[in-house]
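Engineer: Quick one: structure below, then a few questions.
Just so it is clear, none of the values below were taken in a lab; they were calculated from the coordinates. Everything numeric here is computed off the predicted structure, so don't read it as measured data. Methodologically, a virtual Cβ is constructed for each residue, glycine included, from the backbone with ideal geometry; neighbour enumeration extends over all protein chains shown.
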């Protein structure tokens with residue numbers, strides 16, 4: 001089938017590329033001409049493992065192309081996927097300006113029987129408004145509308161798209177359902193569940209899923225704090241509850257709190273949906289508050305590990321992105337910890353395999369020494385903080401580590417990459433999550 005994808009951000013670029021990979025003829029549209037020129041040259045605007053190879057492969061096979069001409073792109077397509085940004089408003093909701101602008105533009109250029117599919121994460125009622133806008137602008141047009149929210153995890157988005165737990169489609173139109181069944185037939189042929197609901201349920205399901213996962217993260221982080229106080233093991237506890245099939249083991253690893261493009265924005269948007277509808281959402285409200293406080297409290301752990309004095313001390317920060325295998329800095333714990341340390345006089349060396357360019361934009365005006373490799377980052381450091389769980393950090397050479405940093409060897413591991421016994425045997429002052437700090 002011939003498909004157009006409007007927007008080449010994270011969702012649009014991954015989705016468009018993967019639609020081509022499963023056999024469709026895809027054209028991706030963006031009004032940013034520089035981005036389109038770069039994509040045509042094979043220059044990818046985001047870091048996502050495997051995406052550059054997949055784009056190159058499908059571009060060479062002529063199943064994936066890029067353009068700024070939306071009118072030409074939507075000619076003769078079976079479906080147009082809207083995958084533009086829905087940034088967070090000051091009130092916490094989603095700014096739907098770009099979605100509605102696309103709907104207005106499509107109303108005069110799409111062919112009859114085209115299916116308009118919203119891929120962007122949008123509040124309940126958005127697709128109804130998209131339908132209303134198009135009908136108002138072009139009353140004689142025959143078209144259908146569907147909601148098809150994505151459930152992609154940054155860092156493993158390609159596998160999530162090609163081998164999902166489920167594909168969710170919301171529509172109130174039999175024509176749209178038939179179109180979407182054809183688009184996702186390569187999935188259903190592999191016995192992947194393609195779940196159809198009404199439009200509003202699909203819109204809300206996306207927010208509910210992310211809010212539930214965010215709740216699991218905040219829950220296990222709070223339990224980890226209790227473990228530290230009572231000298232219990234968070235790893236054994238997580239396994240003890242995770243093997244219960246009613247709970248599940250995923251998202252039960254403690255850390256510095258959730259970040260990125262989805263969980264912070266979607267929990268706040270769901271809270272606004274709840275308030276606007278007159279419902280109550282005490283759990284979601286508490287999850288947001290708990291996550292915000294966690295990132296603040298992590299700075300206290302760093303100060304305590306440095307005897308409450310970081311003035312003129314060199315602190316090496318390993319990892320700036322909110323998680324491994326992405327360059328996404330949105331709501332990264334680094335955005336809280338690094339300014340706090342600088343305000344207290346610390347000298348910051350920072351290193352991330354992919355996120356340095358993004359970090360320089362977020363930390364504009366702050367005096368940070370950005371390093372090109374791990375060794376130069378930790379050299380002569382008074383303490384080392386692991387903020388992101390990159391594989392490179394999991395393979396630390398501790399003989400080399402101890403030869404480079406100052407005594408007492410202090411490692412603050414906010415990803416629990418190592419064990420207390422391992423660090424004790426190495427003579428390292430070790431701070432982690434959900435365990436008592438180890439002082440040598």
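Engineer: Segment 255-319 to segment 211-226: how many Å between their Cα centroids?
Structural biologist: 11
Engineer: Efficiency by 1/(1 + (r/R0)^6): what FRET value for residue 250 and residue 33, r their Cβ-Cβ distance, R0 = 41 Å, to the nearest 0.05?
Structural biologist: Efficiency for this residue pair is about 0.50.
Engineer: Related question: Once you put a point 7 Å from the Cα of residue 175 and another 7 Å from the Cα of residue 128, both along the Cβ direction, what distance in nm separates them?
Structural biologist: Calculated label separation equals 2.1 nm.
Engineer: Shifting gears a bit: Under the √(5λ) rule applied to the eigenvalues of the Cα gyration tensor, what semi-axes describe the equivalent ellipsoid of segment 2-197? Give them in Å, descending.
Structural biologist: 23, 19, 18
Engineer: If packing is taken as the average number of other Cβ atoms within 10 Å across a peptide's residues, how do 365-372, 2-9 rank, most packed first?
Structural biologist: Going from most to least packed, we get 2-9, 365-372.
Engineer: Once you keep just the Cα pairs under 8 angstrom separated by 6 or more residues, what percentage relative contact order results for segment 283-440?
Structural biologist: 21
Engineer: Taking all pairs of different Cα atoms in segment 163-213, averaging 1/r and flipping that mean, what Kirkwood radius in angstroms comes out?
Structural biologist: 11.6
Engineer: Among 149-159, 242-252, how do they line up from the highest to the lowest mean number of other beta-carbon atoms within 10 Å?
Structural biologist: Most protected by this proxy first, the peptides run 149-159, 242-252.
Engineer: Sequence gap at least 6, Cα distance under 8 Å: using those rules, report the relative contact order of segment 2-197 to the nearest whole percent.
Structural biologist: Taking the mean separation of contacting Cα pairs over the length of segment 2-197, I get 20 percent.
Engineer: If you project the alpha carbons of segment 1-85 onto the principal axes, what extent comes out on each, in Å, largest first?
Structural biologist: Largest to smallest, the principal-axis extents are 31, 26, 20 Å.
Engineer: Label-point separation (nm) for residue 185 and residue 425, each offset 7 Å from Cα along Cα-to-Cβ?
Structural biologist: The two pseudo-label positions are separated by 5.8 nm.
Engineer: Sticking with this structure for a sec: Stokes-Einstein diffusion coefficient for segment 207-288 at 10 °C in a medium of 1.306 mPa s, Rh from the Kirkwood formula over Cα pairs: what value in µm²/s?
Structural biologist: D = 117 µm²/s.
Engineer: Stretched out fully, how many nm does the piece from residue 71 to residue 285 gain, at 0.36 nm a residue minus the Cα gap?
Structural biologist: Contour length minus Cα-Cα distance gives 72.8 nm.
Engineer: Follow-up question, since we're still on this one. Calculate the spin-label point distance for residue 364 paired with residue 95, positioning each point 7 Å from the Cα along the beta-carbon direction, and give it in nanometres.
Structural biologist: Placing both labels 7 Å along Cα→Cβ, they lie 1.5 nm apart.
Engineer: Based on C-alpha coordinates, I'd like the Rg and Dmax of the chain, in Å.
Structural biologist: Taking only Cα atoms of the chain, I get Rg and Dmax of 23.7, 77 Å.
Engineer: What fraction of the Cα pairs in segment 297-431, stated in percent, has a spacing above 26 angstrom?
Structural biologist: 13
Engineer: Please state the relative contact order of the chain as a whole percent: Cα pairs under 8 Å, 6+ residues apart?
Structural biologist: 12
Engineer: Using a Förster distance of 22 Å, how high is the FRET efficiency between residue 195 and residue 162, based on the Cβ-Cβ distance and rounded to 0.05?
Structural biologist: 0.80
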